[in-house]
Amino acid sequence: MVRKFRVVVNGKEYIVEVEEIGSPELTKPQQVQTVVSPKVDRTEARREQQVEVKTVEVPSEKGKEDEKLVKAPMAGVVLKILVSEGQKVKVGDKLLIFEAMKMENELYSEYAGEVKEILVKEGENIETGQILMKIS
């Protein structure tokens with residue numbers, strides 16, 4: 001069955017023919033209603049919509065709550081690790097140097113604390129978002 005529609009795009013009118021494909025016996029009929037109204041006040045619609053937010057506490061292991069994860073900002077290769085496990089670091093201290101996109105990049109600490117665990121080795125490939133170190 002072929003149906004004709006009038007469509008207006010950017011102020012220009014088009015006549016479009018649409019053909020229904022498939023047998024009505026084989027497919028369930030679906031009702032689709034599309035309403036296009038450029039004069040809808042979206043802020044009014046947002047005010048009417050209410051969202052219920054629930055806070056769920058996830059139990060954590062003792063000592064893990066203070067642990068901060070240092071993640072790789074981009075993929076690359078670790079060239080040099082500048083800290084060791086047990087070392088105290090401050091915000092802004094250099095943690096490691098890695099190569100990404102043929103450039104050497106320095107990774108600085110966003111946290112103050114003690115390097116608890118180093119999860120990578122020099123020469124190892126890293127991926128974006130990979131956990132490199134844990135600081136507590």
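What follows is calculated from the coordinates using simple rules that are stated; it is not laboratory data. Keep in mind the model is a prediction, meaning the values are calculated, not measured. Here the Cβ is made from the backbone with ideal geometry for all residues, glycine too, and neighbour counts use every protein chain on show.
Taken over segment 87-135, the criterion of being over 25 Å from the mean Cα position of the chain (by Cα) and of a type in the set (S, T, N, Q) is satisfied by 87 alone.
Of all residues in segment 81-111, those being touching a residue at least 40 places away in the same chain (Cβ under 8 Å) and not in a loop (DSSP other than H, G, I, E, B) number 2. Summed over segment 79-115, the residues that are on the phi > 0 side of the Ramachandran plot and surrounded by fewer than 15 Cβ atoms within 10 Å (Cβ to Cβ) give a count of 4.
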